[in-house]
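Have a look at the structure below before the remarks.
The values are calculated or read from the model by the stated rules, or taken from the named source; none is laboratory data. None of the values given here were measured: they were computed from a predicted structure. Reconstructed Cβ throughout: ideal geometry from the backbone, glycine too, with neighbour counts over all protein chains shown. These accessible areas exclude ligands, DNA and RNA; they are computed on the full protein's heavy atoms, side chains included. Shrake-Rupley method; radii C 1.70, N 1.55, O 1.52, S 1.80 Å.
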Amino acid sequence: MIVPKYEKSITDLMQEVKEDLDFLPEVDEVRVSFLFAFEYMLIS
Amino acid sequence: MKVSDQMYQDRIKRITKAFSHEEPDHVPVIMNAETWNVSYSGMKIEDIINDKEKEFECFNKPFENIYYDGTLFSCLSRDVEMYELLGGGAYFYSDDGVTIQHKEYVFMNEDEYPKLIHDPMSFTIDEIFPRKYSALRKSYPENVEILKKAKNMFLDYLQRIGHSAQYIKENSGIPTLVSGIGQAPFDVIMDYYRGFKETMQDARRRPEEIIEATNALVPVMMKNIKQGKQNLESYPFVYFPLHAPSFLSPKQFEKLYWPSFKEVLNQTAELGGKAILHLEGNWEHLYDFINEVPKDFAIALLEKDDIFKAKDKIGDTLAICGGIELGTLRASKSECIEVAKRVIDKCAPGGGFMFCTDKALLTPGDVKLENLIAVNEFVHSYGKY
């Protein structure tokens with residue numbers, strides 16, 4: 001399988017998503033936890 | 001206290017007592033249904049996907065006419081729209097709009113186990129996600145904008161889970177038993193990375209890599225189960241749908257599936273959580289392993305196992321949940337009652353038993369409604385301790 005190169009990695013994109021969580025408290029642990037739940041939903 | 005509040009508390013007590021091998025006041029009757037609730041309410045999935053209230057009403061409606069003490073789920077289990085927005089995923093609506101279907105894909109090559117083992121999340125996010133979701137292969141910033149929309153849909157989905165459970169609690173006094181999802185690492189590899197056929201080949205050709213990969217996925221699974229919490233509540237439960245073991249020999253199970261899964265179960269127990277183990281297929285060849293699970297840590301939700309054998313062989317370790325096949329519920333009412341009576345007579349004494357169908361109700365034809373109503377009423381009244 002050929003792995004193409006992208007302008008930004010998906011990890012970089014996820015970091016931008018993390019900056020867009022205004023509905024959550026500005027607590028890093030909470031935001032990291034939400035982001036992980038989102039990532040796991042995309043795995044499954 | 002409202003009537004529904006008291007009923008809700010009584011039902012939780014009934015369920016948790018049965019879970020702990022105590023005799024409750026009645027045998028709990030558990031609903032295992034998903035999209036059937038939608039067709040039961042005279043709707044199709046498309047009628048409810050953008051209307052939360054309608055979805056909540058659909059999942060509450062059966063409780064108006066059918067006796068239940070609890071339900072596994074209170075809303076649709078997947079947000080198919082989110083996966084479609086991302087241009088991929090494995091879930092879609094059936095052509096008749098009645099069920100959510102799953103299609104298997106292979107997203108990981110056989111020679112990529114080392115990358116999965118080295119860093120499961122980085123490998124998955126940066127290499128698997130773009131293969132799986134075509135929207136992520138679009139140019140920047142179009143791809144990140146779609147990802148942000150998907151994140152908002154995920155937030156909406158999380159809220160629906162909580163609000164739907166609250167809705168059936170307030171309207172029908174029915175508790176929702178499931179609060180989180182766990183999986184066995186081996187099933188994660190099979191379901192989301194390699195597919196069934198390829199994983200079974202890997203089990204023969206690359207067993208050591210599978211073992212390492214399942215071990216690497218344990219912290220990922222625990223993070224998913226913990227949901228950012230330090231400890232877990234003993235109620236509601238973590239639901240583990242378990243797919244592969246029916247197809248594994250005891251030797252394969254012992255070597256490839258059990259060690260990492262047992263670790264997940266032990267860590268869940270140490271954190272205070274309790275589990276529903278959905279033993280999909282037939283697990284009768286694996287009961288020695290099941291008996292290693294901490295006592296009163298889990299319910300075994302049976303599918304094809306002989307319930308009497310299960311009660312005898314693993315019933316002291318786990319509570320047993322099952323009792324009637326969907327096929328039986330399409331037969332005559334008297335046959336259904338006879339089956340239910342035999343199951344209660346043998347499985348209810350001493351507690352550790354809940355009544356449920358062997359499979360989830362998905363489509364309108366899965367059961368004859370009058371039989372389901374009659375059986376659940378019978379189990380509630382005859383199952384009085």
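The spread of Cα positions in the stretch B:283-348, taken along each principal axis and listed from longest to shortest, comes to 40, 20, 16 Å. Working note: Cα gyration tensor of the protein assembly as shown, eigenvalues times five, square-rooted, sorted largest first, giving semi-axes of 36, 26, 20 Å. Length gained on full extension, residue B:138 to residue B:330, computed as 0.36 nm times the residue gap minus the Cα-Cα distance: 64.2 nm. The residues packed around residue B:340, meaning those with a beta-carbon under 11 Å from its beta-carbon, carry a net charge of -1 if Lys and Arg are +1 and Asp and Glu are -1.
Shape summary of the stretch B:91-206, radius of gyration then Dmax from alpha carbon positions: 18.2, 54 Å. From the Cα gyration tensor of the stretch B:122-180, with a ≥ b ≥ c the square roots of its eigenvalues, which class applies: rounded if a/c is under 1.5, or else prolate if a/b is larger than b/c, or else oblate? Judged from the Cα gyration tensor, the stretch B:122-180 comes out prolate (a/c at least 1.5, a/b above b/c). Normalised by residue number, the volume inside the convex hull of the Cα atoms of the stretch B:179-317 is 96 Å³ per residue. Mind running the shape call on the stretch B:324-369? Use the C-alpha gyration tensor, a ≥ b ≥ c as the square roots of the eigenvalues: rounded below 1.5 for a/c, prolate if a/b tops b/c, oblate otherwise. Taking the square roots of the gyration eigenvalues as a ≥ b ≥ c, the stretch B:324-369 is oblate.
Summary of the geometry: the stretch B:25-54 and the stretch B:144-220, compared by the centres of their Cα atoms, lie 21 Å apart.
Pairing chain A with chain B buries about 3300 Å² of accessible area. This figure sums both sides and uses a 1.4 Å probe.
Accessible area drop of at least 20 Å² (1.4 Å probe, protein heavy atoms): which residues of the stretch A:29-44 qualify, relative to the chain alone? Hits at the 20 Å² cut-off: A:33, A:34, A:36, A:37, A:38, A:39, A:40, A:41, A:42, A:43, A:44. Legend: residues in the stretch B:133-148 shielded by at least 10 square angstrom of accessible surface upon adding the remaining protein chains to the isolated chain (1.4 Å probe, heavy atoms) are B:133, B:136, B:137, B:139, B:140, B:143, B:144, B:147, B:148.
Take the Cα of residue B:196, step 7 Å toward its Cβ, do the same at residue B:95, and the gap between the two points is 2.1 nm.
Rolling a 1.4 Å probe over the protein heavy atoms of the protein assembly as shown, with every protein chain left in place, gives an accessible area that is 49 percent carbon and sulfur. Taking the dipole about the Cα centre of the protein assembly as shown, with the C-beta of Lys and Arg at +1 and of Asp and Glu at -1, give me whichever of B:144, B:68, B:100 is farthest to the positive side. Going by the charge dipole, the pick is B:68. Its residue count N fixes a reference of 2.2 N^0.38 Å for chain A, and the Cα radius of gyration divided by that reference is 1.36. Under a 5 Å amide H cut-off, with hydrogens placed 1.01 Å from N, residue B:181 pairs with B:239 among residues at least 5 apart or on other chains. Peptide B:315-323 has a mean of 0 when you count, residue by residue, the C-beta atoms of other protein chains within 10 Å of its C-beta. Taking the convex hull of the alpha carbon positions in chain B and averaging its projected area over all directions gives 18.9 nm². For the cross-link pairs B:274/B:295; B:226/B:274; B:251/B:359; B:346/B:384, which exceed 21 Å when the distance is taken from alpha carbon to alpha carbon? The pairs that break the limit, which is 21 Å between Cα atoms, are B:251/B:359.
Distant-in-sequence amide contacts of residue B:26, defined by a placed amide H-H separation under 5 Å and a gap of 5 or more residues or a different chain, comprise B:385. Solvent exposure of the protein assembly as shown amounts to 42 Å² per residue of accessible area, where only protein heavy atoms count and the probe is 1.4 Å. Placing +1 on the Cβ of every Lys and Arg and -1 on the Cβ of every Asp and Glu, with no other charges, gives the stretch B:179-317 a dipole of roughly 220 debye about its Cα centre. Helix content alone sets the calculated 222 nm mean residue ellipticity of the protein assembly as shown: runs of n ≥ 4 DSSP H residues at -39500 (n - 2.57) each, divided across all residues, give -14000 deg cm²/dmol.
Highest mean packing comes first when the peptides B:68-80, B:205-217 are listed by Cβ atoms within 10 Å, giving B:68-80, B:205-217. Selection among B:162, B:203, B:134 by position relative to the dipole of the stretch B:90-209 gives B:162 as farthest towards the positive end (Cβ unit charges, Cα centre). Taking other residues whose beta carbon is less than 11 angstrom from the beta carbon of residue B:108, and scoring Lys, Arg as +1 and Asp, Glu as -1, yields -2.
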